[in-house]
Each structure stands twice: as C-alpha cells, then as structure tokens.
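For reference, the structure discussed in these notes is given below.
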Amino acid sequence: QVQVVESGGGLVQPAGSLRLSCAASGSIFTIYSMGWFRQVSGKQRELVAAITSGGSTNYADAVKGRITITRDNAKNTAYLQMNSLKPEDTTVYYCNADSPVRRYWGQGAQVTVSS
C-alpha cells in the first residue's frame, strides 16, 4: 500500500507565493515520476508540473516561469514552489507518484488566490 499526502495549500493574495509538498510512503520500491495536476471545475485534470527521479522536469505552458517543481528522492517527496499566483490558479492541486506498475494519487490540496 502506498500513501500520497499533500500539504501546504491555503489562501494567498494575487502575486503571492505558496509551496506545496507531496510525500509518498508505504510499500515503495521505486517511485519514478512525481508531479502535480489540477482540475478546474468543468474541465479535465491537467498537468501542472512533473519531475523524474533523474531530475528532468516538465511544465504546463500556463505556469512556466512562475512554478518550480523539485524533489528529494531519499524522502520520496516532491515540492511545488508557486510564485506570482493568479486568481485563475485557484483550484485543487493533486499530487501523483508513479511506480513501475501504477499511479498513486493524493487527496488534493486546495489553493485559493484571492484578495
């Protein structure tokens, strides 16, 4: 059994910053990729950022230059540093951790950008 737990969400003013954390634990042999998705009401869940165990990263165009994903492999933990946040970034952010056989999801972290 693998657990994925997000933390760090909350309320922030426009142009502010937040850092989300995602920790994977349990029966893990290898976590290859970790990442963050978000789902805006009425739309499909979309990739925000992803990082492999080797440190290669991938970002959605909408967040490039504002969001940085990093990872501590020893702790199976990924971090999402979000800067210059906009109201349209408001939604639930879901972390994923990929093993060789399946993708595990966290419960989601609410991020609200509002004045």
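The values are calculated or read from the model by the stated rules, or taken from the named source; none is laboratory data. Every value quoted in this text rests on a predicted model; they were computed, and no experiment measured them. Protein only, heavy atoms only, side chains kept; ligands, DNA and RNA dropped before computing areas. Shrake-Rupley method; radii C 1.70, N 1.55, O 1.52, S 1.80 Å.
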Taking only Cα atoms and a 10 Å spring cutoff, compute GNM fluctuations for the chain and point out the largest among Lys43, Lys64, Lys86. Lys43
Select from Pro87, Pro100, Pro14 the residue whose mean-square fluctuation is largest in a Gaussian network model of the chain (Cα-Cα springs shorter than 10 Å). Pro100
For the chain, dividing by residue count, accessible area per residue (probe 1.4 Å) in Å² works out to 53
